[in-house]
Amino acid sequence: QVIAVIPARSGSKSVPNKNIQSLNGAPLMSYSIRTALNLALVNQTIVLTDSKVYADIARHWGAGVPYIRSSKTSSDDATDQMVIAEFFDYLRSLETCDSEPPMVVWLRPSHPIRELMFIEEAINKLLKEVMQDSTASLTDKTKVLDRALKLEQIKQKISDDEWGKGFFTDEGEE
């Protein structure tokens with residue numbers, strides 16, 4: 001069994017309710033939900049959240065919400081390991097749970113742009129590899145910083161009205 005898990009905590013301090021902010025008319029976390037629902041090998045898509053509002057939004061977009069996260073796994077200090085441990089505890093509490101834990105595809109709600117083929121390739125590799133139990137996608141931080149600096153330079157050259165409309169580069173939408 002392959003389960004896509006989207007951890008959507010409501011307590012962002014930098015951007016209030018970041019995970020449900022509108023992006024092109026849809027809540028940010030809906031992009032991760034839609035990605036998961038379009039993955040052929042994923043059997044179930046769930047959102048793990050601490051908010052009933054987030055849960056309702058997740059269900060509207062097609063994800064399941066099996067429970068509301070505890071305050072311990074919703075705090076600023078909570079780690080991904082704590083959230084996944086709570087989820088596995090929940091699965092073990094179900095009488096219908098298999099003895100073998102599912103494969104979890106962890107999709108952060110704050111990353112709306114993903115290539116399905118890369119996720120599917122990673123799932124396929126994990127399903128075939130006996131000795132491998134996890135994988136992660138990473139981004140070269142220096143490239144991200146370079147792009148951010150280029151954006152700042154571009155932003156300084158155009159008016160605020162033009163900046164607000166958004167634009168595309170040859171590397172994709174910024």
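The values are calculated or read from the model by the stated rules, or taken from the named source; none is laboratory data. Since we're looking at a predicted model, the values are computed, not measured. Positions of Cβ are generated from backbone atoms using ideal geometry, with glycine treated the same way; all protein chains shown enter the neighbour counts. Just so you know, the surface numbers come from the protein's heavy atoms only, side chains and all, with ligands and any DNA or RNA stripped out. Shrake-Rupley method; radii C 1.70, N 1.55, O 1.52, S 1.80 Å.
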Subtracting the Cα-Cα distance of Asp77 and His60 from 0.36 nm times their residue separation yields 3.2 nm
Could you look at the stretch 1-107 and say what percent of its accessible area is carbon and sulfur, using a 1.4 Å probe and all protein chains? 50 percent
How large is the charge dipole for the stretch 1-62, taken about the Cα centre, if only the Cβ atoms of Lys, Arg (+1) and Asp, Glu (-1) carry charge, to the nearest 20 debye? 120 debye
Give me the extension gain from Ser12 to Leu127: residue separation times 0.36 nm, minus the current Cα-Cα distance, reported in nm with one decimal. 38.0 nm
Take Leu28, Leu94 and sort them by solvent-accessible surface of the protein heavy atoms, 1.4 Å probe, largest at the top. Leu94, Leu28
Intensity falloff of the stretch 1-101 expressed as log10 I(q)/I(0), Debye formula with alpha-carbon point scatterers, at q = 0.12, 0.13, 0.19 Å⁻¹: -0.39, -0.46, -0.97
Give me the 1.4 Å probe accessible area per residue for the stretch 46-127, excluding ligands and nucleic acids, in Å². 61 Å²
Give, as a single signed number, the net charge of other residues whose beta carbon lies under 13 Å from the beta carbon of Asn38, with Lys and Arg counted +1 and Asp and Glu -1. 0
